[in-house]
């Protein structure tokens with residue numbers, strides 16, 4: 001289990017972690033999915049700690065700093081998936097094979113750049129509002145919720161690239177344990193935020209169902225890039241929802 005945690009940490013962050021002595025087995029990659037939300041909590045703890053350390057800094061400046069650290073800690077992994085997904089969805093023009101081919105192209109077109117800018121802009125604006133008060137709990141949970149959405153997609157949606165990065169994760173993940181983890185995350189969110197947590201889950205659930213339908217209709221399932229896109233969009237929604245409720 002410790003090796004599975006290390007594999008999750010290495011995949012999802014640029015934080016220092018011990019290098020494995022041997023290549024990971026597919027089963028170990030599958031079990032690492034169970035640790036994705038835990039890695040999200042670690043990222044959230046770093047962001048919440050930065051908020052605590054720089055409590056008196058102007059909210060706008062602090063929002064920019066936190067967002068910068070957020071991107072650096074993750075290495076822009078999910079932003080890259082979002083960019084590839086946006087390019088492919090527009091350039092694919094409704095064709096499955098063309099969409100999948102464009103996702104493999106490392107180049108980013110104008111729509112990819114525009115979508116990344118819009119997502120980061122919305123995150124920054126929401127952070128600026130939230131950081132005017134105590135946003136530590138939101139910062140702690142938001143990265144975890146983004147990765148819970150990845151887990152939920154993996155256990156409910158076919159993975160369409162047999163040779164893709166996520167194939168072993170999708171094929172060997174412990175489905176029952178992952179389902180229990182998703183339920184635990186939902187219960188924890190409501191317990192910590194009350195009715196606002198319930199509203200947040202409704203927003204995330206609606207977005208998840210919409211994206212899953214979208215993926216099944218176009219591709220027949222998910223890819224590594226679309227999992228990253230789902231994480232970024234879920235994080236953005238998890239910041240915007242409480243920001244919009246601020247009096």
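Looking at residue 17, is it in a loop (DSSP other than H, G, I, E, B), in contact with a helix residue (DSSP H, G or I) (Cβ under 6 Å, 6 or more places away or on another chain) and surrounded by 14 or more Cβ atoms within 10 Å (Cβ to Cβ)? The answer is yes for residue 17.
Of all residues in the stretch 103-141, those satisfying the criterion of being surrounded by fewer than 19 Cβ atoms within 10 Å (Cβ to Cβ) and in a loop (DSSP other than H, G, I, E, B) are 104, 105, 106, 107, 108, 109, 132, 133, 134. Which numbered condition trips up residue 57, out of (1) without any contact (Cβ under 8 Å) to a residue 60 or more places away in the chain; (2) under 18 Å from residue 125 (Cβ atoms); (3) outside any loop (DSSP other than H, G, I, E, B)? Condition (3) is where residue 57 drops out.
Among residues that are within 22 Å of residue 222 (Cβ to Cβ), crowded, with 17+ Cβ neighbours inside 10 Å, at pLDDT 95 or above and in contact with a helix residue (DSSP H, G or I) (Cβ under 8 Å, 6 or more places away or on another chain), residue 82 is included.
For the stretch 178-185, the condition of being more than 16 Å from residue 143 (Cα to Cα), part of a helix (DSSP H, G or I), in contact (Cβ under 8 Å) with a residue 24 or more places away in the chain and out of contact with any strand residue (DSSP E or B) (no Cβ under 7 Å at 6 or more places or on another chain) holds for at least one residue.
Applying the selection to the stretch 142-169, what residues are in a helix (DSSP H, G or I) and without any contact (Cβ under 8 Å) to a residue 24 or more places away in the chain? So that I can check it myself, show each step before the final result.
Going residue by residue through the stretch 142-169, those that are in a helix (DSSP H, G or I) are 142-156, 167-169.
Across the stretch 142-169, the qualifying residue is only 167.
Residues checked against (1) buried (at least 23 other Cβ atoms within 10 Å of the Cβ); (2) at negative phi; (3) modelled with pLDDT of 95 or more; (4) more than 16 Å from the chain's Cα centre (by Cα):
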site	(1), (2), (3), (4)
205	no, yes, yes, no
216	no, yes, yes, yes
232	yes, yes, yes, no
247	no, yes, no, yes
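The values are calculated or read from the model by the stated rules, or taken from the named source; none is laboratory data. Keep in mind the model is a prediction, meaning the values are calculated, not measured. Cβ atoms come from the backbone with ideal geometry, glycine included; neighbour counts cover every protein chain shown.
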